[in-house]
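Notes follow once the structure below has been shown.
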Amino acid sequence: MTGRGVRLVLLGPPGVGKGTQGRLLSALYGIPQIGTGDIFRTAVKERTPMGVVAKTYMDAGKLVPDDVTIGLVEERLAAADTANGFILDGFPRTAQQATALDAMMHRRGVPLDAVIEIVVDPAEVVRRLTGRRLCAVCQTPYHVESAPSRLPGVCDKCGGPLILRPDDDEATVVTRVAEYQRKTAPLTDYYRAAGLLRVVDGNADVETVFGRIRAALGEPVRPGA
Ligand SMILES: [Zn+2]
C-alpha cells in the first residue's frame, strides 16, 4: 500500500496494544497516529474554530456532542501531515461517526483503506491491564509480568512507590471491556459490511501481532523484517 497513501482505523478494547501497534504502523508508512485525546487537547490549545466550540462544552462540564467531535476530526484530517494518510485511534466510536468519516473521506476523494480490529481474549485483557503499575512520583509505567521493576513495588528510576491506577482495578477493567464490546459491535458490523474490516488475533507478542497486521494489509512480510 503506497502511492496515494494509507488511511487506517484501529479498533480494539483497552489493553489490546493499539497504541504500540499504531506506533509501528506510523513508522512503517510514515503517517501520523491520531488519537482522539490528542485531537481534543491540540484543538483546544491552538484555539481552532472547532476547538473553541468544544471548549465551551468542556468548561460547562458537558459531554462534547457528536457533531463537534466529528468537526474536530475533520479539522485534524485537513492538516498537512495527513497528505500521505493517517492511523485513527479512538475514532470512530459509533456507527454514526463512521458514516460521518466516510462522508469526509468521500469529499476528499480518499477512502479508508482498512479498519483493523485487534481482538484479544477478555481474560488476557484483564491480565494485561490489572498487571499495569505506575510510579506515583515520575509516572514511569511498569507491568508486573511483561515489564517489572527490579524491586517489586519500587520505581527503578526514582525509587517512588508503584501504584495500580483505579482504571486498572479488575472490576473496572471487566466493566470497561464489556462496555467496549457493547458499544463497538455495531461499528465492526458496519465496517464488515463495507468490506473494510480486518480482524487480527492479538493474543501474541508485539512483533507477532504486527506481522499479522501487515499480512492483513497485504504487506509482504519478510522473515526478520
Ligand atoms: Zn519513578
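The values are calculated or read from the model by the stated rules, or taken from the named source; none is laboratory data. Being a predicted model, the structure only gives us computed values, none of them experimental. As a convention, Cβ positions derive from the backbone with ideal geometry for all residues, glycine included, and neighbour counts pool all protein chains shown. Areas reflect the complete protein model, heavy atoms only, side chains present, ligands, DNA and RNA absent. Shrake-Rupley method; radii C 1.70, N 1.55, O 1.52, S 1.80 Å.
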Query raised in the report: Are any residues in the stretch 145-159 more than 9 Å from the ligand (Cβ to nearest atom) and open to solvent by 80 Å² or more (accessible area, probe 1.4 Å), and if so, which ones?
Result: 145, 146, 150, 151, 152
Query raised in the report: Do you know which of the residues in the stretch 202-220 that are loosely packed, with under 13 Cβ neighbours inside 10 Å and not polar (S, T, N, Q) is modelled with the highest pLDDT?
Result: 207
**Report entry** Residues of the stretch 81-104 that turn out to be part of a helix (DSSP H, G or I), among the aliphatic types (A, V, I, L, M) and either closer than 20 Å to residue 22 by Cβ or open to solvent by less than 10 Å² (accessible area, probe 1.4 Å) (or both), as a count
**Finding:** 3
Query raised in the report: Can residue 193 be described as among the hydrophobic types (A, V, I, L, M, F, W, C) and open to solvent by less than 70 Å² (accessible area, probe 1.4 Å)?
Result: no
Query raised in the report: Does the stretch 80-102 contain at least one residue that is touching a Ser or Thr at 6+ places or on another chain (Cβ under 7 Å) and modelled with pLDDT of 95 or more?
Result: yes
Report task. Mind listing whichever residues of the stretch 160-174 are open to solvent by 50 Å² or more (accessible area, probe 1.4 Å) and either of a type in the set (Lys, Arg) or within 13 Å of the ligand (Cβ to nearest atom) (or both)? Result -> 161, 163, 165
Query raised in the report: Within the stretch 120-139, how many residues are of a type in the set (Ser, Thr, Tyr) and either modelled with pLDDT of 95 or more or more than 22 Å from residue 11 (Cα to Cα) (or both)?
Result: 0
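Among the residues of the stretch 118-143, write down those that are in a loop (DSSP other than H, G, I, E, B), hydrophobic (A, V, I, L, M, F, W, C) and within 16 Å of the ligand (Cβ to nearest atom).
Those that are in a loop (DSSP other than H, G, I, E, B), hydrophobic (A, V, I, L, M, F, W, C) and within 16 Å of the ligand (Cβ to nearest atom): 136, 137, 138.
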Report summary line: Considering the stretch 55-68, residues that are out of contact with any Pro (no Cβ under 9 Å at 6 or more places or on another chain), in a helix (DSSP H, G or I) and not charged (D, E, K, R), and then whichever is farthest from residue 26 (Cα to Cα), we arrive at 56
Query raised in the report: Looking only at the stretch 179-211, which residues are within 30 Å of residue 149 (Cα to Cα) and without any contact (Cβ under 8 Å) to a residue 24 or more places away in the chain?
Result: 204, 205, 207, 208, 211
